[in-house]
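Here it is, the structure, as structure tokens.
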Amino acid sequence: TVELNSHLITAPFIGLHLTGHLTKEMFKANGEMTTDSDEDYSEISGSDRDEEITWIEWFCHLKGNEFFVEVDEDYIQDDFNLTGLSAQVPCYEDALNMILDFDDQDDHRLQDDQQPLVETAAQMLYGLIHARFILTSRGMAAMLDKYNCYVYGKCPLTQCEAINQAVLPIGMSDLLRQSAAKVYCPHCREIYFPKSSKLECLDGAYFGTTFAHLFFLTYQQQVPPTMPVPHCPRIYGFKIHKSVKENLRKQCERAQKQLPMFSGKPAGTEESRRGTTGREEIVVD
């Protein structure tokens, strides 16, 4: 597990040298492939493992990264789509080369102490690129498939859960390290903490604040036609009239205003005089 700023990304193979293309032999070097590793990469068939895979395919098939869609390399190679990201990610050029599998074409190789930093930066950069890609028609289509498969879970609200309402990931900020990912429900139109701890570990900036709302504007047929009915409080079957709460609030306000009048015992008050009289009577007796 590698700590990535404010969240964790599970990456059992992160210690491997990820330059160039990854092959099946890299995953089974020296016969030390574990059962957990097989499960992490279980979504790739045996025939596909024999072929070379890209960094993007490897990253998205890691256990815990199934919430990401695979960003098209053509999209990443367009500099316009990456505007402003170089200022947010350290080792930007090296990280971008790693994502596009251009490392083996460089004249210089990364030093061993730089490798972990670049790998972490590549994951951060991919997350930020991902937030932009899912705003495109191709990105939304890929997210639609995951939405229909309930990859991001269901709404925890009782009325939403009754209709099996799926949710979409959403960020509370477009900047890194501001907030973890949340989920948005189009039925009740509320934001919740995700049930999946793996999704909650991802930075909200990897999905952004715009995507969920733009998604349901694009696919309006996915928006439920109704909204949940608010819960009506009852006591012994009778509805509580709204004036009851208002009257209770006014009573509390009046009680708070009267408290200072009885809290102190300044000299000259009736209680003070009564106490003085009592002491005098005791002295006289």
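The values are calculated or read from the model by the stated rules, or taken from the named source; none is laboratory data. Keep in mind the model is a prediction, meaning the values are calculated, not measured. For neighbour counting, all protein chains shown are included, and Cβ atoms are generated from backbone atoms with ideal geometry for every residue, glycine included. SASA here: full protein model, heavy atoms, side chains in, ligands and nucleic acids out. Shrake-Rupley method; radii C 1.70, N 1.55, O 1.52, S 1.80 Å.
Take the residues in segment 82-97 that are touching a residue at least 12 places away in the same chain (Cβ under 8 Å) and open to solvent by 30 Å² or more (accessible area, probe 1.4 Å); name whichever of them is nearest to W55 (Cα to Cα).
D94
Then there is this: I'd like to check something: does segment 3-17 contain any residue that is open to solvent by 60 Å² or more (accessible area, probe 1.4 Å), at pLDDT 50 or above and under 27 Å from the mean Cα position of the chain (by Cα)?
Looking for residues that are open to solvent by 60 Å² or more (accessible area, probe 1.4 Å), at pLDDT 50 or above and under 27 Å from the mean Cα position of the chain (by Cα), one finds none in segment 3-17, hence no.
Quick check on L100: is it surrounded by 15 or more Cβ atoms within 10 Å (Cβ to Cβ) and closer than 30 Å to V223 by Cα?
No: the conditions fail for L100.
Considering only residues that are over 16 Å from the mean Cα position of the chain (by Cα) and among the small types (G, A, S), look in segment 136-195 and name the one that is surrounded by the most Cβ atoms within 10 Å (Cβ to Cβ).
G139
Each row is one residue, and each column tells you yes or no for (1) in contact with a Pro (Cβ under 6 Å, 6 or more places away or on another chain); (2) in a loop (DSSP other than H, G, I, E, B); (3) farther than 22 Å from G127 by Cα.
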residue	(1), (2), (3)
N164	no, yes, yes
T209	no, yes, no
C232	no, yes, yes
E246	no, no, yes
Q251	no, no, yes
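If you check every pair at least six apart or on different chains, which have Cβ atoms under 6 Å apart with a residue in segment 56-72 that is farther than 17 Å from Y150 by Cβ first and a residue that is outside any loop (DSSP other than H, G, I, E, B) and β-branched (V, I, T) second?
E70/I56; V71/I129
Show the residue pairs that are 6+ apart or on different chains and have beta-carbon atoms under 9 Å apart, the first residue being within segment 104-124 and assigned to a loop (DSSP other than H, G, I, E, B), the second being acidic (D, E) and at pLDDT 70 or above.
D106/D94; L110/D94; Q114/D94
Residue-by-condition table, conditions (1) under 60 Å from the mean Cα position of the chain (by Cα); (2) at pLDDT below 55; (3) open to solvent by 100 Å² or more (accessible area, probe 1.4 Å):
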residue: H213; (1), (2), (3): yes, no, no
residue: T226; (1), (2), (3): yes, no, no
residue: E246; (1), (2), (3): yes, no, no
residue: R249; (1), (2), (3): yes, no, yes
residue: P260; (1), (2), (3): yes, no, no
residue: E270; (1), (2), (3): no, yes, yes
residue: T276; (1), (2), (3): no, yes, no
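Looking only at segment 228-244, count how many residues are surrounded by 10 or more Cβ atoms within 10 Å (Cβ to Cβ) and in contact (Cβ under 8 Å) with a residue 40 or more places away in the chain.
The total comes to 1.
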